[in-house]
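Visitor: Before I ask anything, let me first share the structure, which is written out below as structure tokens.
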Amino acid sequence: MTADHAGRAEALTHHYRQLIACRSCPAMQGPPVHGEVVISPVMMVGQAPGTREIQQGRPFCWTAGKTLFRWFESIGVDESTFRRRVLMSAVCRCFPGKNPKGGDRVPDRGEVERCEVWWRGELELSRPCLIIPVGKLAIAQFMPSRRLDEVVGEQWRFRVAQGLEADLIPLPHPSGASTWFKMEPGRQLLERALGLIDSHPAWHAIRAEPRA
Ligand code: SF4
């Protein structure tokens, strides 16, 4: 590990300490959830945790996570490797509560804006080459809002900071409530997106065995 890498890992630890103390959104249920301290060439950005994630303090630890990790396992990275080697972030870090019409409430604009500081901070510390936004709300943070079938299955570019860009490969949300990725054209577009991730050099680095 280089001194720069170690310094950024230390800064990320400090960032997480501040994140878990955040109580900026009165309607959100915490404590805020974060992934492991990983400075990685790959960053995944989810939407918001559910109740199980809040209870266990781990992102994607329940049913949607099972589907998501099955997708990644199909391209050579199992759940434990993913958690240790990919920076796991999200648009919002607390549980938004239930939507009376079913499913979880979508965070409102103020909550999304207040929470942006956390994923932005992680993005700037990790400086990934590949960003994987998962679900419409996450994708909308990186590109103008469009339909899933217009963005999934393609690779895009995102300007992280002055002089620093990353590739962007969006995925649909793996929620059990979603049927998009189970039917055409979603099924094929998901397969194409996973193929793009599989052939990306940053994914190869995640998949490679660590040097002894
Ligand atoms: S959703 Fe984000 S900004 Fe709002 S309280 Fe939770 S961590 Fe803080």
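The values are calculated or read from the model by the stated rules, or taken from the named source; none is laboratory data. Only a predicted model underlies this, so the values are computations on that prediction, with no experimental measurement involved. We place every Cβ from the backbone using ideal geometry, glycine too, and count neighbours over all the protein chains shown. Keep in mind that these areas ignore ligands, DNA and RNA; they rest on the heavy atoms of the full protein, side chains included. Shrake-Rupley method; radii C 1.70, N 1.55, O 1.52, S 1.80 Å.
Visitor: Mind listing just one residue for me: the one in segment 134-146 that is open to solvent by 30 Å² or more (accessible area, probe 1.4 Å), under 13 Å from the mean Cα position of the chain (by Cα) and of a type outside the set (A, V, I, L, M, F, W, C) and, of those, farthest from the ligand (Cβ to nearest atom)?
Guide: Per the stated criteria, the residue is Lys136.
Visitor: When segment 39-60 is examined, which residues are found to be surrounded by fewer than 19 Cβ atoms within 10 Å (Cβ to Cβ) and either assigned to a loop (DSSP other than H, G, I, E, B) or more than 16 Å from the ligand (Cβ to nearest atom) (or both)?
Guide: Selection gives Arg52, Gln56, Gly57, Arg58.
Visitor: From the list Arg159, Arg120, which one is over 17 Å from Gly195 (Cα atoms) and outside any helix (DSSP H, G or I)?
Guide: Arg159
Visitor: I've got another one for you. Quick one: Asp149 ticks every box in (1) under 30 Å from Lys101 (Cα atoms); (2) open to solvent by less than 30 Å² (accessible area, probe 1.4 Å) except a single one, so which number is it?
Guide: Going through (1) under 30 Å from Lys101 (Cα atoms); (2) open to solvent by less than 30 Å² (accessible area, probe 1.4 Å) one by one, Asp149 breaks only (2).
Visitor: Within segment 22-36, which residues are in contact with a Pro (Cβ under 7 Å, 6 or more places away or on another chain) and either within 13 Å of Gln47 (Cα to Cα) or within 9 Å of the ligand (Cβ to nearest atom) (or both)?
Guide: Cys22, Met28, Val33
Visitor: Here is a follow-up. Filter segment 64-85 for residues that are hydroxyl-bearing (Ser, Thr, Tyr), surrounded by 14 or more Cβ atoms within 10 Å (Cβ to Cβ) and more than 20 Å from Ile39 (Cβ to Cβ) and give the result.
Guide: Residue satisfying the conditions is Thr67 alone.
Visitor: Just name the residue that is most open to solvent (accessible area, probe 1.4 Å) out of those in segment 160-179 that are at pLDDT below 95 and not aliphatic (A, V, I, L, M).
Guide: Gln162
Visitor: Which residue is nearest to Leu19 (Cα to Cα), if the candidates are limited to segment 70-106 and must be within 12 Å of the ligand (Cβ to nearest atom) and within 16 Å of the chain's Cα centre (by Cα)?
Guide: Step by step, filter segment 70-106, then rank; the result is Arg93.
Visitor: Is it true that some residue in segment 75-89 is among the hydroxyl-bearing types (Ser, Thr, Tyr), in a helix (DSSP H, G or I) and out of contact with any Asp or Glu (no Cβ under 8 Å at 6 or more places or on another chain)?
Guide: yes
Visitor: Still on this structure: Could you tell me which residue of segment 111-133 is farthest from Leu168 (Cα to Cα), considering only residues that are open to solvent by less than 50 Å² (accessible area, probe 1.4 Å) and near the ligand (Cβ under 9 Å from one of its atoms)?
Guide: Filtering segment 111-133 for residues that are open to solvent by less than 50 Å² (accessible area, probe 1.4 Å) and near the ligand (Cβ under 9 Å from one of its atoms), the one farthest from Leu168 (Cα to Cα) comes out as Glu111.
Visitor: Restricting attention to segment 1-29, which residues are part of a loop (DSSP other than H, G, I, E, B), touching a residue at least 40 places away in the same chain (Cβ under 8 Å) and surrounded by fewer than 17 Cβ atoms within 10 Å (Cβ to Cβ)?
Guide: Ser24, Ala27
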